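The values are calculated or read from the model by the stated rules, or taken from the named source; none is laboratory data. Just so you know, these numbers come straight off a predicted model, no measurement behind them. Cβ coordinates were reconstructed from backbone atoms using ideal geometry, including for glycine residues, and neighbour counts include every protein chain displayed.
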Amino acid sequence: MKPPPLVTVAIPAYNPRYFAEAFASAQAQSFEALEILVSDDSPGTEIAAIVRAAGDARVRCVRNVSSLGFHGNFTQCWRLARGEYLKFLNDDDRLRPDCVSTLVEAYRRHPGLALATSRRAVIDAGSGPHPNVGAVQPVSLATCLIEGRELGNLVLMNMLNLIGEPTTVLFRRADVEPEGDSLFRWSGVDFHCYADLSLWLRLLARGSAYYHAGALSEYRVHPGQEQRRREVALSCLHERIPLVRLAREMGFLAETGQHRHVLARIAAIGEAWKAQLPEGSEIARVAASHLAEVARETAAVVAAGG
């Protein structure tokens, strides 16, 4: 009997536009003991046809009878993965050939890791280099281990996901469990804009992270990506305060000064975003409501002696 794979590269697929590139990058991995799991949530047949044409014995493709959506498709990938380690691959991103082997080697050398990640490069809609966006700035200029709460505090205090998108990180599948039917539900809160960060924080509460200073994956910026949808932009506003509250319950931002700094950062981001919105519009009112919530949270911290 064939032994189970050590790593599952899981593609929660929906949009066929860049799928072939993402899929090919999974096939090109130098690490051999892996499976490629495609959870096809698309309405058409293009993704299934690309997988079928590859004829790759390492690949399992599951066609969803009805759409599972963002949360459901990622969660299904987790449930169906056979590997000890799980590496998501967004259907518009790419892995570099030594990505999986480098991150698995980090776990071999440091068995107690909570997660392994790296710097990522940015590509555009045409697969060419794209100017860096804020969140891809390096955590460190040298490959290193970082204490979990230290890294969590860094991303929270900047409100930037410096750890990486789902494509960037490798982790032990057994180290996380879905809450109900969602991998991105945390204490009853469903995260979308900060779905990946909500997962990384739960993992980082368990131990240290490995950071590889060289780019091992490629994050694509393009007009059709999930983060550019209006609903996701609004969820960014609503999710910051619960993300901070839950993180504090797990030991992040333990110092009151850190908490106040984060709230000030959230307020500044909200004010800058609101200033770009049409005055009196519905979305501007939502932004104003968010800023009022941040003000109340800050006042409560001050009243408590912070």
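Per-residue answers, yes or no, for (1) in contact (Cβ under 8 Å) with a residue 60 or more places away in the chain; (2) surrounded by 13 or more Cβ atoms within 10 Å (Cβ to Cβ); (3) under 24 Å from residue 185 (Cβ atoms):
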position	(1), (2), (3)
243	yes, yes, yes
253	yes, yes, yes
266	yes, yes, yes
279	no, no, no
284	no, yes, no
290	no, yes, yes
293	no, yes, yes
297	no, yes, yes
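Tell me which residues, restricted to the stretch 252-302, are modelled with pLDDT under 85 and either within 30 Å of residue 147 (Cα to Cα) or outside the structural domain of residue 241 (by TED's automatic domain parsing) (or both).
269, 270, 294, 297, 298, 300, 301, 302
Each row is one residue, and each column tells you yes or no for (1) under 14 Å from the mean Cα position of the chain (by Cα); (2) over 16 Å from residue 212 (Cα atoms); (3) at pLDDT 95 or above.
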| site | (1), (2), (3) |
| --- | --- |
| 79 | no, yes, yes |
| 95 | no, no, yes |
| 102 | no, no, yes |
| 129 | no, yes, no |
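Closer than 23 Å to residue 145 by Cα, modelled with pLDDT under 95 and not charged (D, E, K, R) - does that describe any residue in the stretch 208-217? Show your work before the answer.
Of all residues in the stretch 208-217, those closer than 23 Å to residue 145 by Cα come to 208-217.
Then drop every residue that is not modelled with pLDDT under 95, which leaves none.
No.
Which one is nearest to residue 163 (Cα to Cα), of the residues in the stretch 194-208 that are hydrophobic (A, V, I, L, M, F, W, C) and surrounded by fewer than 22 Cβ atoms within 10 Å (Cβ to Cβ)?
Taking the candidates together, the pick is 203.
Identify all residues within the stretch 5-47 that are of a type in the set (A, V, I, L, M) and over 20 Å from the mean Cα position of the chain (by Cα); write none if there are none.
Residues satisfying the conditions are 6, 20, 24, 28, 33, 34, 47.
Among the strands (runs of 3 or more DSSP E) contained in the stretch 1-117, which hold 3 or more residues that are surrounded by 16 or more Cβ atoms within 10 Å (Cβ to Cβ) and in contact with a helix residue (DSSP H, G or I) (Cβ under 6 Å, 6 or more places away or on another chain)?
Numbers: elements: 7-13, 34-40, 59-63, 85-88.
By residue number, 7-13, 34-40.
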